[in-house]
Amino acid sequence: MSSESSKPITRVLFCGPHFPASHNYTMEYLQSYPFIKVDAVPIDEIRDVIGNYDICVVKNMILNLDIIARANKMKLIMQFGVGLEGVDIDAATKHGIGVARIPSDYTGNAISCAEMAIYLMLSLLRKQHEMQVSIKEKKLGDPAGDTLLGKTVFILGYGNIGVHLAKRLRPFGVKILATKRSWHSFKSDNGNGAHDEVVDEKATHEDILKFASHADIVVCCLVMNKDTAGIVDNTFISSMKKGALIINIARGGLLDYDAVLDHLKSGHLGGLGTDVAWKEPFDPDNTILKFPNVIMTPHVAGVTEYSYRSMAKVVGDVALQLHSGASMNVICAPELLSKFKIGGSRMEVMSKFLIASILMWTVPIAVLYGFNNNLFPALRFVNVPSIRHRVALLLVVVSSASLSQESLTLWSGILAVISVNVVIILYIISAMKEPSSDKHEPDPRFLADAKASIKQQPGTTEDDSSSDRSPYSRAQRLSIVFSFSLSLSITVNGNQFKLDGSVLELDDSNFDAAISKFDYIFVDFYAPWCGHCNRLMPELERAAPVLAGLRQPIVVAKLDADKHKKLASKHNVEYVAMMFMHGVPTEYYGPRKADLLVQSLAKFVAPDVSVLSSDSDVRDFVKAAGSDFPIFIGFGLNESVILDSAVKHKKKAWFSVANVFSDEIVTPYGLNKVPALLAIYPAYDEKSVFYGPFEENALEDYISKSLLPLIFPISQGSLKLLQDDERKVLLTIIKDEKEEKSRELFQVLKAAASANRDLLFGYVGLQQWEDFAQSFEVDMKTEFPRMVVWDGNENYYLVTGSENGDKTDMAAQVSRFLEGYREGRVIHKRIIGPSLMSLMNSKVAIIVALLLICVVLAVVLIVAMVQDEPLTVGTREKVVEQRSSSLHQESEELLGPFKED
């Protein structure tokens, strides 16, 4: 014991207070081991303390990139059960942290959940709520329930829980239907077809609607992921029999809340029995719980003493093994082939394809051969292949990493081919010589005792467990040395690009290699004779280190478009900038000043939807997002609900969902219920709220119409957004935007805008942008306010009779205008001269304007063009305020919203 206690304490973190039996039983199991410390920490504090822990047990918390990045000591993230939908597995892999679940067949968890499913079925069939009422009213023989006998049960997701459920349902005399993503695993694991015998009909998930239409009871046993979220939707429930039941013992997000509620109201859905909710803890006053045919339990399907003590033992054993020095190096198979990239000359491509053909059979042999040997047999890793045989992957990764060098020649390619094959053959030969007793099959009910698992690993004895014996043979060690040496020799010859924050100089020899190597690279095709390009180059140099320091780095490069005309013509560009995302080019016409360039480019690599797990996360996200884009936050919404819209509008707005929040954070935004989608417009100090329905069309309609606030000032920035919006603009022209009566008018316009979302509501002051206002035949003699409906181009419409009435009653004036417009009492007008929108889109007009500028104000305006602020028209105030702080200070703020969730 003294040798163990002399080591640093191994710390185990349980996230949050819920499911208290998990950490209580684990602490009880480890009470004799003072060098293992178990803590249950409130969710709001996890972010600040996670760096002190070696193992994290997530339970029902969202563990995103931001939190994982702080886990400096973390070796393993595990779920106290099966579901890992709350863990950013890719982020954990990148930080070298193993991610694992505890298989339900080891611990009795699957059996516990299967029993709960049957309990929920019987409770609904026997009308549990009505029985309680009869007891209170002293009634006997009522209600008349139903029986499982003769029912058809559809098991949606035939995994471990589904198998145990089917076995226990069979004696009830039911017909069992089941779907599974693939049935191949059962064929390989059970040659006698034992699992198939209890299922009457089976299919893949493509047939779920067919099976749903035949079932009396549907039981959800699926793992929650992006493919299964909301799988039980309106279409699914509509296809079910009238009066059929839904049982959910998996995850609340599998069911579409609105669809379930609607079908309960209509009576089509006969009942809902669920152990999980859409948001946990669930609101006890929620409408869905008021139905007598709804039974909800507090996520206790797997919470039995048998199951939880078994899982606590798994966590304890793993902690003891890690404390004793068991290796936890993570080499992730999905990362392996991502390092192998094709690019370069014809010779290089030939050699790489030759190597790839060899790897096609060497990699599977190396990886798959060792899957049965695992130092942690009670865990199922989701991002780590066999820990025992990580060496095989290491050899292949090292070799393939060498192959990815862009200076690879034919001879170095052939040398690498020999390296890979020699390494794999040596490994396989040595592995085949190992005694068969090294393979370990754990007991399906309980694991070996903790002390035995530390002192006596499979294939060893009590006496020799403490010897300093290497788990690898001499041949394996030689193969490691051989692989590293050979790979090093190839790598030294490689001309690597360094991600050091400098601006790369590209040419014909390295352009393709750079595009292939970096996922995100911004390339400025410049002309050395262009003074404007030369003056902007320092801005690129200032932005480059900030962009390279993002969570997902962006590399900045430049290329002389005059000298390398073939490359420029290949991408059909001439003296412009291009953003290459995974090799796919996109023209960039945004700002070039360093701070604005960082903000614009960072949108390309930001997560589609950020997941916020605390009040502080929400505040930090809003603060860091800045004021250049609208911000959408879904309170109580699942990420998948807004994902499609977020992807579509990613370059125009920030999107996030908040899963954990308090009243303190939502009250200032005026939210009176959840779920809700909040839209914030920092540049205009405006906000709006959407309470549903959160169906695809309704949600997309709200978001697309909310990229601009209810009312907004006309500026060059807002005009650019108008180009992507087909709605007409109810434009109100006033004398001065800063007058007190103008502010009163804005409140009236805001109320009108909320009721007329088919129109955009904009305003402009004559004092602020005279040239624009005069396009609508307005001058200082005009009676203000003047309202028109503008199509965004050259046409606008006046409403006859709208000027009549009391001019001081602004609400009545706006109402009369809208009424007249709706009734068609309009006069068609055309803008005096070309419209601003036409000018923005007309290359001819731009050229003419530039020629006039060169003749009239050459010196003054050329200097002004260097500034990155939008050009002003008339006396319009600058849209983007000057930043006075340094780029270093700005970069600290800019990095905030790009923490991937």
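The values are calculated or read from the model by the stated rules, or taken from the named source; none is laboratory data. Model, not experiment: these values are computed from the prediction. Virtual Cβ from ideal backbone geometry, glycine too; neighbours counted across all protein chains shown.
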Unmet requirement for residue 26, which otherwise passes all of (1) among the β-branched types (Val, Ile, Thr); (2) part of a helix (DSSP H, G or I); (3) modelled with pLDDT of 90 or more; (4) out of contact with any Phe, Trp or Tyr (no Cβ under 9 Å at 6 or more places or on another chain): (4)
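Using the structure shown, decide if residue 569 is without any contact (Cβ under 8 Å) to a residue 24 or more places away in the chain and either assigned to a helix (DSSP H, G or I) or not assigned by TED's automatic domain parsing to the domain that holds residue 677 (or both).
Working: without any contact (Cβ under 8 Å) to a residue 24 or more places away in the chain: yes; either assigned to a helix (DSSP H, G or I) or not assigned by TED's automatic domain parsing to the domain that holds residue 677 (or both): yes.
Yes: the conditions hold for residue 569.
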Odd one out for residue 86 among (1) without any contact (Cβ under 8 Å) to a residue 40 or more places away in the chain; (2) in contact with a Pro (Cβ under 8 Å, 6 or more places away or on another chain): (2)
Residues of segment 512-536 that turn out to be of a type in the set (A, V, I, L, M, F, W, C), out of contact with any Gly (no Cβ under 6 Å at 6 or more places or on another chain), surrounded by 13 or more Cβ atoms within 10 Å (Cβ to Cβ) and at pLDDT below 85, as a count: 6
So residue 248, is it under 20 Å from residue 675 (Cα atoms) and either among the polar types (S, T, N, Q) or in contact with an Asp or Glu (Cβ under 7 Å, 6 or more places away or on another chain) (or both): no
When residues of segment 60-77 are limited to those that are among the aliphatic types (A, V, I, L, M) and over 19 Å from the mean Cα position of the chain (by Cα), the one surrounded by the most Cβ atoms within 10 Å (Cβ to Cβ): 76
Unmet requirement for residue 82, which otherwise passes all of (1) within 18 Å of residue 225 (Cα to Cα); (2) assigned to a helix (DSSP H, G or I); (3) hydrophobic (A, V, I, L, M, F, W, C): (2)
Residue within segment 51-59 that is surrounded by fewer than 18 Cβ atoms within 10 Å (Cβ to Cβ) and out of contact with any strand residue (DSSP E or B) (no Cβ under 8 Å at 6 or more places or on another chain) present: yes
Of all residues in segment 632-652 being closer than 25 Å to residue 598 by Cα and not in a helix (DSSP H, G or I), the one that is modelled with the lowest pLDDT: 651
Enumeration of residues in segment 14-32 that are surrounded by fewer than 19 Cβ atoms within 10 Å (Cβ to Cβ) and either among the hydrophobic types (A, V, I, L, M, F, W, C) or out of contact with any strand residue (DSSP E or B) (no Cβ under 8 Å at 6 or more places or on another chain) (or both): 18, 21, 24, 27, 28, 31, 32
Candidates 661, 629, 655, filtered to the one that is in contact with a helix residue (DSSP H, G or I) (Cβ under 8 Å, 6 or more places away or on another chain) and assigned to a strand (DSSP E or B): 655
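Just to be sure, is residue 822 part of a helix (DSSP H, G or I) and exposed (fewer than 13 other Cβ atoms within 10 Å of the Cβ)? Step through it out loud before you land on a result.
Values: part of a helix (DSSP H, G or I): yes; exposed (fewer than 13 other Cβ atoms within 10 Å of the Cβ): yes.
Taking the combined requirement at face value, the residue satisfies it.
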Matching residues, segment 133-166, being surrounded by 11 or more Cβ atoms within 10 Å (Cβ to Cβ) and in a helix (DSSP H, G or I): 133, 134, 160, 161, 162, 163, 164, 165, 166
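Yes/no per residue for (1) in contact (Cβ under 8 Å) with a residue 60 or more places away in the chain; (2) within 24 Å of the chain's Cα centre (by Cα); (3) assigned to a helix (DSSP H, G or I):
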| site | (1), (2), (3) |
| --- | --- |
| 683 | no, no, no |
| 693 | yes, yes, no |
| 700 | no, yes, yes |
| 703 | yes, yes, yes |
| 709 | yes, no, no |
| 712 | no, no, no |
| 719 | yes, no, yes |
Test result for residue 100, part of a helix (DSSP H, G or I), under 30 Å from residue 168 (Cα atoms) and at pLDDT 85 or above: no
Among (1) without any contact (Cβ under 8 Å) to a residue 60 or more places away in the chain; (2) more than 20 Å from residue 598 (Cβ to Cβ) - the single one residue 655 does not satisfy: (2)
Tabulated pairs, segment 817-832, first under 13 Å from residue 787 (Cα atoms), second assigned to a helix (DSSP H, G or I), C-beta under 8 angstrom, 6+ apart or interchain: 818/752; 826/820
Residue within segment 113-121 that is buried (at least 19 other Cβ atoms within 10 Å of the Cβ), farther than 13 Å from residue 293 by Cβ, touching a His at 6+ places or on another chain (Cβ under 6 Å) and touching a residue at least 12 places away in the same chain (Cβ under 8 Å) present: yes
